[in-house]
Structures are given as structure tokens and as C-alpha cells.
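Note sheet for the following structure.
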Amino acid sequence: MKPDIHNPDCPSRAVLDRISDKWTALIVLVLRDGSLRFSHLRGRVGGVAPKVLTETLRRLERDGLLTRTAYAEVPPRVEYELTALGHSLSEPITAITAWAEGHMRQITRARERYDRRAA
């Protein structure tokens with residue numbers, strides 16, 4: 001099948017769903033500078049429940065965007081790191097982040113105007 005994001009049966013829809021998830025974007029942004037342990041990753045991402053982070057990390061590993069390395073140590077140590085594919089995703093996510101931060105005030109004002117009209 002030729003990729004077509006507008007075709008509901010195209011697997012590219014699942015890819016778009018994965019990369020547009022807020023936790024995916026934040027994880028990719030945090031890991032672009034190097035590997036991190038779970039607790040450090042959770043702290044840097046901020047506001048994510050451990051269960052949600054674990055589920056998101058597993059999905060990203062399944063999709064080939066990151067690797068999970070478990071070290072046979074006491075206590076156990078696990079690190080997460082972006083793969084080359086994951087690093088290739090960091091560039092567009094960084095651009096979207098810059099756009100969001102650059103337009104935050106405009107969007108906030110638009111929401112306020114909308115909410116005033118709707119009230």
C-alpha cells in the first residue's frame with residue numbers, strides 16, 4: 001500500500017497518532033541529549049504518571065524510536081536512549097515545539113476571546 005495519511009486504513013495513521021502524542025513528543029525532546037534512567041526521564045518530562053510513562057516507553061521501543069538497556073546490577077539499572085530513527089523525529093518535534101512556544105500568547109488570547117463570546 002502506498003502511504004496515504006488520508007486513507008483510514010493506511011498504517012501511517014498509527015504512526016501519526018504515535019508521534020502526535022504529547023508524551024511521545026516530550027520524551028523525544030528529553031532524550032535527544034542522551035540516555036536517561038526511568039526516574040530521571042520522568043522528572044525531566046514532568047507531570048507524567050509512572051504507568052503512562054512505562055506504556056509510552058514500551059510503545060516507542062516497539063516502534064523502533066528508542067532502546068531500553070537493562071544492566072545486571074544491584075540495584076537494577078535501566079536506561080532509555082533514542083535510536084537513529086528517534087533522533088530523526090527530534091528535529092520536527094523541536095520545530096513544532098518552537099512554533100508552539102512562539103505562538104503561545106496568540107493562542108491564549110484567541111482562547112480568551114472565544115471564551116468571552118461563548119459565555
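The values are calculated or read from the model by the stated rules, or taken from the named source; none is laboratory data. Here the structure is a predicted model, which is why all the values come from computation and not from measurement. Reconstructed Cβ throughout: ideal geometry from the backbone, glycine too, with neighbour counts over all protein chains shown. To get the accessible areas, we keep the full protein, side chains included, count just its heavy atoms, and leave off ligands, DNA and RNA. Shrake-Rupley method; radii C 1.70, N 1.55, O 1.52, S 1.80 Å.
When both the range 1-51 and the range 56-73 are represented by their alpha-carbon centers, they are found 12 Å apart. Taking the protein heavy atoms of the range 18-100 in the context of the full set of protein chains, the accessible area attributed to carbon and sulfur is 56 percent at 1.4 Å. A dipole drawn for the chain from +1 and -1 charges on Cβ atoms has a positive end, and of ILE96, GLN106, GLY64 the residue lying farthest that way is GLN106. In the context of the full set of protein chains, the range 31-119 has a per residue accessible area of 73 Å² (1.4 Å probe). By definition, a body whose alpha carbon gyration tensor gives a ≥ b ≥ c is prolate when a/c is 1.5 or more and a/b is larger than b/c, and the range 17-119 fits this prolate description.
Taking the Cα centre of the chain as origin and charging only Cβ (+1 Lys, Arg; -1 Asp, Glu), how large is the dipole, in debye to the nearest 20?
So the dipole magnitude of the chain works out to roughly 520 debye.
Under a 5 Å amide H cut-off, with hydrogens placed 1.01 Å from N, ARG32 pairs with nothing among residues at least 5 apart or on other chains.
Given axes a ≥ b ≥ c from the Cα gyration tensor, I'd like to know whether the range 29-70 is rounded (a/c under 1.5), prolate (a/b larger than b/c) or oblate. Here the range 29-70 falls in the oblate category.
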